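The next block holds one structure in the form of C-alpha cells; read it before the comments.
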Amino acid sequence: MGSRYTEEDLSGLRRTSVEGRESKVHIADFARPLGPGASVRDLVASFPHILSGDDVRLAVDALTEAARKKRAVVLCMGAHVIKTGMAPVLIDLMKRGIVTAVATNGAGAIHDSEIALFGHTSEHVERGIGRGVFGMMKETADFINQAAIEGSRLKLGFGESVGRALLAADCPNREMSLFASAYELGVQVTVHVGVGTDIVHMHPTADGSAIGDCSLRDFRILIHAMRGLGGGGVLLNFGSAVIMPEVVLKALTVLRNLDVSLEGFTSVNLDFLQHYRSTQQIVSRVKEVGGKGCSLTGHHEIMIPLLAAAVVDALGG
C-alpha cells in the first residue's frame, strides 16, 4: 500500500560536481589550537579566517597602524563600558598614546565620577523606582551639576569640566577614573548629554543652560578631534546604541561639509547586541565618507581587554 499522493520524479534532475563548486569555507581558514606559552598575538592569529575571526584582526591591525602612524583613535562608548570595569584598560591605552580622544554620554560621566569619588556605582533601579528614590543621591547630582555650572562659566566642555572637578576634589580613586586620568594626561573626553536621560537632571541643582552649553561645546570639540581620522585613523564605538552613533553621524557630516578628507579610516562597532543605529552609522554609512567598518559582537568585559592586549602586543608591549 503506497501513499495516495504523487511523488515528484527526480530522475531528470541536473546535478553538478563539488569539485567545480565555489565554497565559502576551506580547511585553510580553520582555527588553530594554541600551545603552551602562546602570546596574545598568537591567539588572534589562531582565530579562523571565517566571519568575525577576520573582523577581530581587522580591528587589531587598524588600531596598531593608527598608533604607529600617530593617527586619531576616537573612542565613543556607552556608560556600560564603565560599569563593566573597563576604565583601567582604557586608561592604559590613553597612556600609551593609542586612544587619542574619548566621547561618551551623560551616564558615562556619572558612573565614572561615582567610581572616582566613592569607589562604587550602579544602583538597583528596581529597588528604588517604586519608592521614588532611584537616582536621588544628592552627592552625585550636586557634584556633576556643579561641575557643569563651573565649566560653563569657564567656557569648558562637559568632559573637561568633570575631569577638572574630580582632581580639584582630590578624589580617592583617581587612578580608576577615566575622566580624572584623561584630564591629567591631556586627553580629551567629551560628554554628549540627552537632557532628561540622566539621574542628575531630576535634581534642583541641575542647570539646563550650563548642561547644554558644555555639551554643545563638547560636540564641537569632538568634531575637531575627528579631523584626524583620515589617512588611517580609527573610530570605535563600544556599547552605545543610540546617542554616540547619532552624534558621530552629525560630526562626519559637518567634516565633509567643511571639505575635510576622511579617506582611509576604519570604524569598529562592538556591543553584546547589534543595534540598528550603531550598525548603520558606525559600520554601513561610513563608506560614504571614505571609511570602512566592521561589527564585533561580545561582552565588553571580554572583548575590550582582548583587543587592547592584542594591540599592545602587536606594538611590542
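The values are calculated or read from the model by the stated rules, or taken from the named source; none is laboratory data. The model shown is predicted, which means the values in this text are computed figures rather than measured ones. When we count neighbours, we look across all protein chains shown, and the Cβ atoms used for this are built from the backbone with ideal geometry, even at glycine.
Side notes on the structure shown:
- One residue stands out in the range 99-137 among those that are surrounded by fewer than 21 Cβ atoms within 10 Å (Cβ to Cβ) and among the β-branched types (Val, Ile, Thr): the one that is nearest to His224 (Cα to Cα), namely Thr121.
- Residue in the range 232-248 that is within 24 Å of Gly135 (Cβ to Cβ), surrounded by 20 or more Cβ atoms within 10 Å (Cβ to Cβ) and among the acidic types (Asp, Glu) present: no
- Output for the range 272-310, where each listed residue is of a type in the set (Phe, Trp, Tyr) and either touching a Pro at 6+ places or on another chain (Cβ under 8 Å) or surrounded by 14 or more Cβ atoms within 10 Å (Cβ to Cβ) (or both): Phe272
- Just one residue in the set Gly290, Gly264 is at pLDDT below 95 and not hydrophobic (A, V, I, L, M, F, W, C); that residue is Gly290.
- Among the residues making up the range 1-37, a single one is of a type in the set (Ser, Thr, Tyr) and within 29 Å of Gly53 (Cα to Cα): Ser23.
- The number of residues in the range 89-124 that are part of a helix (DSSP H, G or I) and within 24 Å of Gln146 (Cα to Cα) comes to 13.
- From the list Thr84, Thr64, the lone residue that is of a type in the set (Ser, Thr, Tyr), modelled with pLDDT of 95 or more, surrounded by 13 or more Cβ atoms within 10 Å (Cβ to Cβ) and under 30 Å from Ser215 (Cα atoms) is Thr84.
- Pairs where the first residue, in the range 295-317, is closer than 16 Å to Arg57 by Cβ and the second is at pLDDT 95 or above and of a type in the set (Ser, Thr, Tyr), C-beta under 7 Å, 6+ apart: Val311/Thr64; Ala314/Thr64; Leu315/Thr64
- Residues (more than 16 Å from the chain's Cα centre (by Cα) and in a helix (DSSP H, G or I)) located in the range 285-308: Arg285, Lys287, Glu288, Val289
- Some residue of the range 169-188 being farther than 26 Å from Gly85 by Cβ and surrounded by fewer than 24 Cβ atoms within 10 Å (Cβ to Cβ): no
- Count - residues of the range 217-252 that are over 14 Å from the mean Cα position of the chain (by Cα), within 17 Å of Lys292 (Cα to Cα) and either among the basic types (Lys, Arg) or not in a helix (DSSP H, G or I) (or both): 5
- Some residue of the range 150-167 being surrounded by fewer than 14 Cβ atoms within 10 Å (Cβ to Cβ) and either modelled with pLDDT under 95 or in contact with a Pro (Cβ under 8 Å, 6 or more places away or on another chain) (or both): no
- Residues in the range 121-154 that are in contact (Cβ under 8 Å) with a residue 60 or more places away in the chain and aromatic (Phe, Trp, Tyr): Phe134 alone.
- The residues listed here are Ala251, Ala241; of these, the one that is aliphatic (A, V, I, L, M) and over 14 Å from Val81 (Cβ atoms) is Ala251.
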